[in-house]
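What follows is one structure encoded as structure tokens, with my remarks underneath.
Nothing in this text is a laboratory measurement; each read-out follows from the coordinates by a stated rule. Remember, predicted model here, so these are calculated numbers, not experimental data.
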Amino acid sequence: MRRTSPLLLAVAAVLGAGCGFLVDQALTAAGRPTFTPATMLPILLVLLGVILILLALPIRRAIRSRAVPAEAVQGAPPQPVDPFRALRVVILAKASSIVGAVVGGAGVGLLAFLLSRPVPPPLGSTGAVVATVVAAAILVAAALVAENMCIIRKDDDDEPPAPELGTGHTHDW
């Protein structure tokens, strides 16, 4: 599995920004109030980032204890790393970084629309949007850190054997 690409996160953020701007534009054109994120959204985004780090910590500890020679470890032998658990946490971290980029981009789009209007926006709506953007950036950072914490390095014996010369299969059909 590849690491999360910065290009993917940038594209997700740009698409989110465009959607956020267009949603507010459409709401204003229809005579409705602009969209303001709920107060709980930034709290939930930061909480998700904390949970990701907490899920990745045991995997990181197991990876580090496995990397240390058994003679150097005092006490209990190192616990094996469950690769399926590590994979689940990595996938959750990858998805969370993309969601954080989209939500952060949408917040930037909402903020761009609010600040481009001739009438100054209310302070409460601007504060909620800024808090959402900051929380989304925290989520992206936490998700990338959690993804990095769960990477299991390949062992030397994990390399596939090199193909031998002259053993290629040909088919005479």
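Descriptive notes on the structure:
- Relative compactness, segment 1-41, computed as alpha-carbon Rg over 2.2 N^0.38 Å: 1.60
- Note on segment 1-71: Kirkwood radius taken over Cα pairs, Stokes-Einstein applied at 37 °C and 0.692 mPa s, translational D equal to 201 µm² s⁻¹.
- From phi via Karplus (6.51, -1.76, 1.60), per-residue ³J(HN,Hα) for segment 126-131 in Hz, x at Gly/Pro: 5, x, 5, 5, 5, 4
- Built amide H within the under 5 Å cut-off of T36, gap 5+: none
- Vicinal HN-Hα couplings computed from phi for segment 136-142 (Karplus, 6.51 cos²θ - 1.76 cosθ + 1.60; Hz; Gly/Pro x): 5, 5, 5, 4, 4, 5, 5
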